[in-house]
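The values are calculated or read from the model by the stated rules, or taken from the named source; none is laboratory data. Given the structure is predicted, the values throughout are model-derived calculations rather than measurements. Cβ coordinates were reconstructed from backbone atoms using ideal geometry, including for glycine residues, and neighbour counts include every protein chain displayed.
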Amino acid sequence: MGFIVLFLLLATLCSSELENNSQEEALYALKLSLNASKNQLTNWNRDQVSPCTWSNVYCDPSGNIYQVSLAFMGFTGYLTPRIGALKGLQTLVLNGNGITGGIPKELGNLTRLVRLDLQNNRLTGEIPSSLGNLKKLQFLTLSQNNLNGSIPESLANLPSLINVLLDSNDLSGQIPEGLFNVSKYKYVCFTGNKLNCGMNYRKLCAYDIADQAGSSHKPKTGIIVGIVLGLVVIICLGGLLFFWRKSYKRDVYVDVAGEVDGRIAFGQLKRFAWRELQIATDNFSERNVLGQGGFGKVYKGVLPDGTKIAVKRLTDYESPGGDAAFQREVEMISVAVHRNLLRLIGFCTTPTERLLVYPFMQNLSVAYRLRELKPGEAVLDWPTRKKVALGTARGLEYLHEQCNPKIIHRDVKAANVLLDGDFEAVVGDFGLAKLVDVRRTNVTTQVRGTMGHIAPEYLSTGKSSEKTDVFGYGIMLLELVTGQRAIDFSRLEEEDDVLLLDHVKKLEREKRLDAIVDRNLKQNYKIEEVEMIVQVALLCTQASPEDRPAMSEVVRMLDGEGLAERWEEWQHVEVNRRQDYERLQRRLGWGEDSINNQDAIELSGGR
């Protein structure tokens, strides 16, 4: 009996080893068939312990290869049929190369495949009907090749398929009627072929109709039809342009004059393997935790080449779009490139994990430098605090007014402003609220942020805007001036103002700003500059979002332009408001203390 158990165990181990060898051999065969140069895929070496350590190969924690991404590598070879041995593959991306030959029918063996992207190559021959075996396939992109023949009927029966892009080939024949199920597909495009779309589906492939229809087939209402078809062509061209820009992302650069440190290509975003980050962080050891917030823990890590990184392990991730939706949002965040924004190095996904990788900021966060210093560490001096205020404002201005679409941070605070080696402000965690807060409905009801930093309208309605960030920025300015937290219950022992905002407003009215300046500065500051920062902060934290300045105006005010006028206007509104309260006090018999606390009542009402 013991011999049988041992035999079965050995058989299982041998089977697992054979499977790993099969994956390795399949990938190595792919490297050879693609004509990889000596400078490409250099670590795709049979002597390596596992193909999971090879570049552009991604494995789950069990060692199963689930993604191969080789976009824009300049390959000119062909696709080996042995790729069909990668049975666990979920994503295969080879777009933007010069791959020739046909699509191997063995791709139909990849029954777990979710995304197949072979666009912008030189593929020829027919689309294999075996792709109809890919029951989990959602995204099929074969655009901009030289494929011919008809579209297989089997594609119309794929239950999970939602995106079908076959445009700009040499396809002909009838399009399977099932592919016109517009209630099922999010995006379909067959333009630039010789397909017969049928009378009922002209609008889904306007190019084909234009190429095939003769003058004798034009309807009497030709002008109207022409206008409609023209609009459809424009829409489809827009869609093609969108996908073309994504497919050529290594050639697209973002450069904001005067603010960006160099240029960054979309394609430079690295996709890390789980094992890489596990090793870099010593298995996500608690000793390497740099901080923890609403989005998850951040770990310090070191890559094999000695590069220090910060790995954010996201929690509360929930997205019906899965890996593809996450990757799209990550790519959007990576486009935001500015000297005062934290640069995203890369990311990692597994079926259960989402991680983001950033450069390590050696001076940690503003909150750390204000309140968590260890003995012997230098205090943030006043000139550095002013530089942080301006740098943070410029970073937020870029997110709100220069990114398209705009990015709302939703958790602006001193803990999310990091400091590089030169103590330059670097805003982190931007875009994460959208990234992890994707729900099954179109309405986000969960409020993201930190109490004391959250704008009152966001608390009461759940709707955020760029003015939500302006409010949080104003509170951060008060943190810079005072060194205190946004909420401090220890103040209850002396007064009722647990909110830092209420405390500062009270002392500003009493002309006692010296009393709120961080004692660690030891009088090494200019009181007129403190007054300026406080004034900007109070303008940013007005109860009505419409009254708050835009971040571009904040930048100008910090540079000394327009602050005096805005401040005088604000004081006039405040005087009128307090007079209204005093009249109400006389009518209702309130005490003086009640009047002094009306600001707290107004800002705390939503809480």
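From LEU140, LEU89, grab the single residue that is at pLDDT below 95, assigned by TED's automatic domain parsing to the domain that holds LYS194 and within 19 Å of ILE175 (Cα to Cα).
On the way: LEU89 fails: within 19 Å of ILE175 (Cα to Cα).
Going through LEU140, LEU89 in turn, the sole match is LEU140.
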Practice item. With respect to VAL379, determine if the residue is in a strand (DSSP E or B), aliphatic (A, V, I, L, M) and on the phi < 0 side of the Ramachandran plot. Key: no
Check your understanding: Within the bounds of the range 369-385, is there any residue that is modelled with pLDDT of 90 or more, assigned by TED's automatic domain parsing to the domain that holds ASP420, within 25 Å of MET532 (Cβ to Cβ) and of a type in the set (Gly, Ala, Ser)?
Key -> no
Check your understanding: Under 7 Å by Cβ, and 6 or more places apart or on different chains, what pairs join a residue from the range 308-319 that is more than 14 Å from ASP282 (Cβ to Cβ) and β-branched (Val, Ile, Thr) with one that is in a strand (DSSP E or B) and modelled with pLDDT under 90?
Key -> THR315/GLY296
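Each row is one residue, and each column tells you yes or no for (1) at pLDDT below 90; (2) among the aliphatic types (A, V, I, L, M); (3) under 27 Å from THR76 (Cβ atoms); (4) surrounded by fewer than 21 Cβ atoms within 10 Å (Cβ to Cβ).
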{"site": "LEU134", "(1), (2), (3), (4)": "no, yes, yes, no"}
{"site": "ASN146", "(1), (2), (3), (4)": "no, no, yes, yes"}
{"site": "SER168", "(1), (2), (3), (4)": "yes, no, yes, no"}
{"site": "GLN174", "(1), (2), (3), (4)": "yes, no, no, yes"}
{"site": "SER183", "(1), (2), (3), (4)": "yes, no, no, yes"}
